[in-house]
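The values are calculated or read from the model by the stated rules, or taken from the named source; none is laboratory data. Just so we're clear, the structure is a prediction, and the values are computed from it rather than from any experiment. Note that each Cβ is placed from the backbone with ideal geometry, even for glycine, and that neighbours are counted across all protein chains shown.
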Amino acid sequence: MVQKNKTFKASWSYDPAPESTDHIQIKKKYDLYIDGKFVKPENGKYFETINPTNDEVIAEVALAEKEDVDKAVRAARNAFKSWSKIEPKERGKYIYRIARLIQERSREFAVIESLDGGKPIRESRDIDIPLAANHFFYYAGWADKLEYAFPNRNPKPLGVAGQIIPWNFPLLMAAWKLAPALATGNTVVLKPAETTPLTALKLAEIIRDSGLPKGVVNIITGAGKTGAEIVNHPDIDKISFTGSTAVGKYIQKAVAGTHKKITLELGGKSANIIFEDAAIDQAVEGIIDAIFFNQGHVCCAGSRLFIQESVADTVIQKLKDRMATLIVGDPLDKNTDIGAINSKRQLKTIENYIKIGLDEGGEIYQTDCKLPKKGNWCAPTLFLNLSQSHTIVQEEIFGPVLAIQTFRTIQEVIEKANNTPYGLAAGVWTQKGAKLFHLSQKLKAGVIWGNTFNKFDATSPFGGYKESGFGREGGLHGLKPYVKFE
Amino acid sequence: MSRLNINKTYKLYIGGKFPRTESSRYYPITNTKGDLIANMCLASRKDFRNAVVIARKVQESWASTSALNKGQILYRIAEMLEGRKEQFIEELVLQGTTKKAAQIEVETSIDRLVYYAGWSDKYQQFFSTVNPVSSAHFNFTNLEPTGVVSIIAPENQGLLGLISVIAPAIIGGNTVIVLASENIPLSAISFAEVLNSSDVPGGIVNILTGKREELISHMASHMDVNAIIYCGTDKNDIKTISELASNNVKRTIFYKKSDWLNNNNESPYFIEKTQEAKTTWHPVKV
């Protein structure tokens, strides 16, 4: 594909550079990982996990229902007795082993993550998998150091944690949830999303190989109904959920009046603010990264762009030029910038929002990249001519669709940026340090990125204000949701 | 006919290499029966000074290595040591430790490395602060390594003592020149072999064998060394070090304990001993 535009006078193209799938092993059928063994679901039902690039079935995966959830919770409860009492140093060693085993098998995991979820191999290889290993490595070290995290409080594990994770960063979210729960001495029943269960099931193999005592981690697969069984199970002490705000609200309501503690990492509509004194080219890269990273399937995606009026024309032109160079296509190709939309359902949601954007008078720009015929794809999209009241400015789209507005003053952009029920993250682009820190104080969001965006680290707490949820994952703060004080 | 063993020549460890002492001097280590185990290098002032030059050269790049990476490297040392556990137990037994004590010492040494590997990306979170100053400033304090550190390792527990003082210093981004236990020096040089095969860049840890009485004054007086750790109880040594350290306001750290086994001998405060606190002010008002 040859692209020509003002900024990038490219008249050449990339040859395909697909990652080989020869070295990976995917079984035809996956069972539930309960009590240290892979077991068939009680009712014998399975569902398919689909390759979003070609609609082909990759594998069949067990559907966990009430009886299976019961079994998993029982296993976790049994394991808790000894796991919570094991020497913390030894507990840490198991988690270090898991980190090492992920590192050793990282290429395999990256390929499967891209196959099952549609994300570019560059991202799964360089971000998802290494970060997942780092999370285990980081929290392994905390296992015998909790007295320093909570001085004079004698922290104790909560018990059995039910963890429900989304489809946008399947292995990484499993790591974010499992690592701190294990380090603090909890046992776990984890459910990956129904469209991306494979790397979690591969992780079950690693957990088995690590020698972790049986029942400490149980991984069961299914859709929302399975998740609801976990949320409503009476013998679970903690629910940790990452997903939509709507489901988050359901969970908060469902556990009301029970002893269950919850952590919610929900939706977002994060502001990305470009001031006139920003390094414009860097900012344009930042905008691209903020909204098109992982096809925009990112809860903290910078989906609302605010550009200071004086530089708006320049930034928008450069942004369009840069968008035109983005390569949409085979997630396993190392040149691919934007992979497949995770599922048919999500593609429909995104297309519906694009339609609403147009119906409400938004001015659309999409790159004219050729999209493959089969599978789920969406061209990089931006909308101009929007105000705060537009639906696509207010609601989370969870796709590669950017809503652009302009502003004149600092006060104005602070008010616009905060005028949302969400509060997960925000980006600020300016060369003036004082302005950056001022915005950091005024923006109501859990993560503020200054002159960067979508940066994650095991040591850095992540989580939202307002309807983006509560509790933090990562860093010292990530331990707190899994301990109680005597 | 029985096979004759190949005996190891124990040399120094400087800049990632194993040179003999430039002085070509030695001192013998014997077993309880008086038989020779090894001739150790009797390191000179010049050996020490060479090591400081290299330690200084690599300190900045080591300090700027990410905390995650430093932690993984320390964990790698533990992995390598675990794989050579039996050798280290045998070597300690050869130098007079009982088999049981040797096993405990080696296993505790491995676990201690893992313990400090874990602190690598955490001690900063434990010691640093955001300071609520009254003016419109974002003000925070974080730790940075002191720099190059001289270490006189514990005289007993030739392996565990050594590791207990090296690990917290290097995980904090310092580089070190260590004088091994005078009477139990074999483990230190064998440990250098472990370091050498553990992704630890050369020059981060330099290990000398020799006499305390000869080297201590140089280790305390060198103008390009930022801190000195002394393990021992000799009052004259402590006084000498304290006086000489004043020449360039070296930080002095004295550990008088004789047993490094129990868990009180590991904590983030051992890391903090060779750290400097830095406070940054930044305006937040536009």
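Just a yes or no: is a residue in the stretch B:133-148 of a type in the set (Gly, Ala, Ser), away from chain A (no Cβ under 14 Å) and more than 15 Å from the chain's Cα centre (by Cα)? Yes, because at least one residue in the stretch B:133-148 is of a type in the set (Gly, Ala, Ser), away from chain A (no Cβ under 14 Å) and more than 15 Å from the chain's Cα centre (by Cα). When each of A:345, A:408 is tested for being touching a residue at least 40 places away in the same chain (Cβ under 8 Å) and either assigned by TED's automatic domain parsing to the domain that holds residue A:295 or of a type outside the set (D, E, K, R) (or both), the lone residue that passes is A:408.
Checking B:239, B:257, B:278, B:273 one by one, the residue that is within 30 Å of residue A:275 (Cβ to Cβ) and away from chain A (no Cβ under 14 Å) is B:278 and no other. Of all residues in the stretch B:116-132, those satisfying the criterion of being surrounded by fewer than 24 Cβ atoms within 10 Å (Cβ to Cβ) and more than 8 Å from chain A (Cβ to nearest Cβ) are B:124, B:127, B:128, B:129, B:130, B:131, B:132.
Only a single item in (1) of a type in the set (D, E, K, R); (2) more than 15 Å from the chain's Cα centre (by Cα); (3) under 23 Å from residue B:102 (Cβ atoms) is not met by residue B:193, and it is number (2). Considering the stretch A:117-154, the residues that are buried (at least 24 other Cβ atoms within 10 Å of the Cβ) and away from every other protein chain (no Cβ under 14 Å) include one that is nearest to residue A:97 (Cα to Cα), namely A:129. Those helices (runs of 4 or more DSSP H) of the stretch A:53-147 in which 2 or more residues are more than 18 Å from residue A:458 (Cα to Cα) and of a type in the set (Val, Ile, Thr) occupy A:66-83, A:106-117. Count of the stretch A:398-417 residues, restricted to those that are within 16 Å of residue A:288 (Cα to Cα) and either among the β-branched types (Val, Ile, Thr) or touching a Pro at 6+ places or on another chain (Cβ under 9 Å) (or both), is 4. Scan the stretch A:440-486 for residues that are in contact (Cβ under 8 Å) with a residue 40 or more places away in the chain, farther than 25 Å from residue A:137 by Cα and either of a type in the set (A, V, I, L, M) or within 13 Å of chain B (Cβ to nearest Cβ) (or both) and the total you get is 2.
A quick yes/no check of all residues on (1) in contact (Cβ under 8 Å) with a residue 60 or more places away in the chain; (2) over 24 Å from the mean Cα position of the chain (by Cα):
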site	(1), (2)
A:266	yes, no
A:274	yes, yes
A:280	no, yes
A:284	no, no
A:288	no, no
A:299	yes, no
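Only one entry of B:60, B:91 meets the criterion of being surrounded by fewer than 16 Cβ atoms within 10 Å (Cβ to Cβ), among the charged types (D, E, K, R) and either more than 14 Å from every other protein chain (Cβ to nearest Cβ) or within 30 Å of residue A:93 (Cα to Cα) (or both), and that entry is B:60.
All conditions but one from (1) surrounded by fewer than 16 Cβ atoms within 10 Å (Cβ to Cβ); (2) within 14 Å of chain A (Cβ to nearest Cβ) apply to residue B:85; the one that does not is (2).
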